[in-house]
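Below: one structure, written as structure tokens.
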Number of protein chains: 2
Amino acid sequence: MRITETAGLALATRLLEEHGAPRDHAVLQARVLVTAEMKGHPSHGLQRLPRLIERIKRGVMDPETKGTQRWRADAILDVEGSSGFGPVVAMAAIERLASHIPDLGIGLVAVRNANHLGMLAHYVEAIAGLGFVGIALSSSEALVHPYGGTRAMLGTNPVAIAVPTAGEPLVLDLATSLVPMGRIHQHAASGRPIPEGWARDADGHPTADAARAKAGAIAPFGDAKGYGLGIAMELLVAALAGSALAPDVRGTLDSRSPCNKGDVFILIEPSLAPGLPARLLAYLDAVRASPPAEAGEPVLVPGDRARKRKAAASRDGFDIDQRLWEELNALSRSRVLAFEGQRS
Amino acid sequence: MRITETAGLALATRLLEEHGAPRDHAVLQARVLVTAEMKGHPSHGLQRLPRLIERIKRGVMDPETKGTQRWRADAILDVEGSSGFGPVVAMAAIERLASHIPDLGIGLVAVRNANHLGMLAHYVEAIAGLGFVGIALSSSEALVHPYGGTRAMLGTNPVAIAVPTAGEPLVLDLATSLVPMGRIHQHAASGRPIPEGWARDADGHPTADAARAKAGAIAPFGDAKGYGLGIAMELLVAALAGSALAPDVRGTLDSRSPCNKGDVFILIEPSLAPGLPARLLAYLDAVRASPPAEAGEPVLVPGDRARKRKAAASRDGFDIDQRLWEELNALSRSRVLAFEGQRS
């Protein structure tokens, strides 16, 4: 079924408020989930909401806290997340650090023990919106096997980077796994096999059986290089945030454990070289205009597809699983209409 | 033929001194080239030395300068490289910034217009040796085509990351191209075809002909994700250093143009969480000990192979092309023996 952006935001915000979130916390967490849906990434969208609600009910998540911030050094803001909403803890710290970047030039936020951030693009887009280069890293449960290995030892360890230009920023947001675990789950749910090379089962053997892969490990993207990048991100986050390493991480995929992963955000003021933002934009446009491998399939720059999808979803609404919509409505004390607030 | 570390350093240092480099500049540039050989990366080794000499002779490189440093903000050291040796300009700035990191927590060096750095691992290893997390980025001439594209629009845009632990640091050093352009040149020199997917010719068509690929473009590693990472690094370096973008970069592969690429180094003090360095080491050891995909082929952590090769080369010497050794000796006023200084 199709719902509007407004309806999605209204239901998610209401549900979170009904379960103890202050209004501004509920609005921000809802925004992050709905934006992921609009960009075409439902694995980071509203399907995460029932688990967040369950986590609040079980007391492993605190909907009211923004975490505790402490300057570990002049340019590092250290944050104990105290089981707060990932987006709430992160954005509070990013905003505080951002006000110092014009003096510092560069600064870092290191967060421990906050909940799932959702798509990292949200944070680097916000940072780029302030005129700064943004880098975001986050760790997760062990889901990815090393290159040349067979056991899940690494998180999916996403990295996002945004660089402002004279036009739209470049926005990169990728997991260092070959595919998201959500994709494996989708194949398992529909009984489809997975392609060779995607995953191994719990015994470490290559498998085409998505159900067996769910209990196993996903391959890293890009062979040895992608693995290298993934394990470097694993160590970076733990070294900078003091957070758990993948085999010990809990709480982004379950409803029972406090979340002990780490998040890192770096904000940097760009060079003030004259004409630089226009030069960056002209370069990206030259890449977009360069001859494609397939006629009619123009070269894309990271962020282009998500931006286009989001604009379309803002205009036309977006599809969500009807069972999920019913489930969310059942969790709320009152019903939201899918097309409530739709523009005529 | 095989030469010793000592012989390689002696000849490279002498050659650079004979062509106007102060002793300490010559020693550092020689160290970077010889270490690349010892780690098994001759494309970043002594074969670059004749070009450096030629660049000095032609006046597009200044062997004496350390560049001009200026604090752009409290935590950003901006460097005009003034055509100096890449390693000399970079290490001078890194050392200056490093002395401030205990107060700042994080800081950045942005360099324009210095010469080729060689392997980035050198710099992040040095930073990790001081106890800090190190990140290094550098840009280059356009050699890589976009994912879904056909023309060389991106540099090989290497990234290096080092994270200190209670034992050896993790040291990642990778180019965002699928293979180094040096590998294409090796195939061309020996008349061997290149595998499907490595490169396109100057007209943008896929090619197995290494000679045609030399004039064309290499594929990015890891498909869309590797391309995304490569173009993000391209924009990051230009945005932070104010340096040229790949299509306008000159001077790392030729002997005639001043070098106008950019380099970025980020230094970060790790979290002081108790036991963290030991925890990072234990994790890396657990990854190394995890079951391999092929019996007898243990899982590696980035930096392991290079460290092992370097130790072996330090003990046993390393192989270099005899013609290169003769060429280097011919450039010098006096001859260095390949085994001069060899341990008995």
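The values are calculated or read from the model by the stated rules, or taken from the named source; none is laboratory data. Note that the structure is a prediction, hence the values are computed from the model and not measured. With ideal geometry, Cβ positions are generated from the backbone for all residues, glycine too; neighbour counts draw on all protein chains shown. Accessible surface areas use protein heavy atoms only, side chains included; no ligands, DNA or RNA. Shrake-Rupley method; radii C 1.70, N 1.55, O 1.52, S 1.80 Å.
Odds and ends about this structure:
- The contact residues of region B:279-312, meaning those that lose at least 30 Å² of 1.4 Å-probe accessible area when all protein chains sit together rather than their chain alone, are B:279, B:280, B:283, B:287, B:290, B:291, B:293, B:299, B:302.
- Based on Cα atoms of region A:156-291, Rg over Rh with Rh as the Kirkwood radius reads 1.07.
- By accessible area, using a 1.4 Å probe on protein heavy atoms only, region B:137-268 has 51% of its surface on carbon and sulfur.
- Residues residue B:43 and residue A:309, FRET efficiency given R0 of 30 Å [Cβ-Cβ distance, rounded to 0.05]: 0.15
- Nearest beta-carbon to the B/A symmetry axis - residue in chain B, distance in Å: B:222, 1
- When each full DSSP H helix of chain A is screened for a Cα extent of at least 24 Å along its own axis and an average Kyte-Doolittle hydropathy of at least -1.0, the helices passing are A:223-241.
- Candidate residues A:31, A:305: accessible-area rank, largest first, probe 1.4 Å: A:305, A:31
- The GNM of chain A, with springs linking C-alpha atoms under 10 angstrom apart, assigns the highest mean-square fluctuation among A:139, A:334, A:314 to A:334.
- Computed about the Cα centre, the dipole magnitude for region A:1-145 is approximately 340 debye when only Lys and Arg (+1) and Asp and Glu (-1) carry charge, each at its Cβ.
- Tail beyond 16 Å, pair distance distribution of region B:242-344 (Cα, percent): 80
- Inter-chain Cβ neighbour average for residues B:131-139, partner chain, 10 Å: 1
- Nearest-10 value in Å² for the accessible area of residue B:153, using the 1.4 Å probe: 20
- Cα gyration tensor category, rounded, prolate or oblate, for region B:136-194 with a/c compared to 1.5: oblate
- With the simple spin-label model, which puts each label point 7 Å out from Cα in the Cβ direction, the residue A:196 to residue A:334 separation comes to 5.8 nm.
- Taking the alpha carbon gyration tensor of chain A, multiplying each eigenvalue by 5 and rooting it gives semi-axes of 28, 26, 24 Å, largest first.
- Computed from phi, the 3J(HN,Hα) profile of region A:252-269 under the Karplus parametrisation 6.51, -1.76, 1.60 (θ = phi - 60°) reads 9, 10, 10, 10, 10, 10, x, 8, 10, 7, x, 9, 10, 10, 10, 10, 9, 7 Hz, with x in place of Gly and Pro.
- Taking the label point 7 Å along Cα→Cβ, residue A:202 and its counterparts in the other copies are spaced 5.9 nm apart, in ascending order.
- Shielding by partners, peptide B:160-171 (average Cβ within 10 angstrom, other chains): 3
- Under Karplus coefficients 6.51, -1.76 and 1.60, residue-wise ³J(HN,Hα) of region A:157-165 in Hz, glycine/proline x: 5, x, 9, 10, 9, 10, 10, x, 9
- Here the peptides A:85-91, A:269-275, B:100-106 are ranked by packing, the mean other Cβ count within 10 Å, and the order with the highest first is A:85-91, B:100-106, A:269-275.
- Farthest toward positive dipole pole in chain A [+1 Lys/Arg, -1 Asp/Glu at C-beta], among A:67, A:123, A:176: A:67
- Convex hull per residue volume in Å³, alpha carbons only, for region B:166-219: 87
- Sequence-distant residues sharing a close amide H with residue B:116 (under 5 Å, placed H): B:86
- Largest GNM mean-square fluctuation among A:44, A:187, A:19, using chain A with Cα springs under 10 Å: A:187.
- Here the accessible area is traced with a 1.4 Å probe on the protein chains. For region B:272-311, carbon and sulfur cover 62 percent of it.
- Over chain A, DSSP H runs of length four or greater, each weighted -39,500 (n - 2.57), average out per residue to a 222 nm ellipticity of -12000 deg cm²/dmol.
- Remark on residue B:143: its backbone amide H falls under 5 Å from those of B:153, B:154, B:155, B:156, a criterion applied only to residues 5 or more positions apart or on other chains, H modelled at 1.01 Å from N.
- For residue A:178, nonlocal amide neighbours, meaning residues 5 or more places apart or on other chains whose placed amide H falls under 5 Å from its own, are A:219, A:221.
- Residue by residue along B:244-252, Cβ atoms of other protein chains within 10 Å of the local Cβ number 2 on average.
- The protein assembly as shown: C-alpha gyration tensor shape, a/c 1.5 cut-off, then a/b vs b/c: prolate
- The alpha-carbon of residue A:310 sits under 19 angstrom from the alpha-carbons of these lysines, leaving out residues fewer than 8 places away in its chain: A:39.
- For the pair region A:222-237 / region A:272-312, the C-alpha centres are spaced 26 Å from each other.
- Rounded to the nearest 20, the Cβ-based charge dipole of region A:189-305 about its Cα centre (Lys and Arg +1, Asp and Glu -1) stands at 200 debye.
- Alpha-carbon centroid distance for the pair region A:38-71 / region A:112-176, whole angstrom: 17
- Taken about its Cα centre, the protein assembly as shown carries a charge dipole of roughly 260 debye when the Cβ of each Lys and Arg holds +1 and the Cβ of each Asp and Glu holds -1.
- Choice from B:236, B:120, B:281 showing the highest fluctuation, given a GNM over chain B with Cα pairs closer than 10 Å: B:281
- Rg(Cα) / (2.2 N^0.38 Å) computed for region B:74-199, rounded to two decimals: 1.24
- Phi-derived couplings, Karplus 6.51 cos²θ - 1.76 cosθ + 1.60 at θ = phi - 60°, listed residue by residue for region A:196-201: 4, x, 6, 7, 10, 7 Hz, with x used for Gly and Pro.
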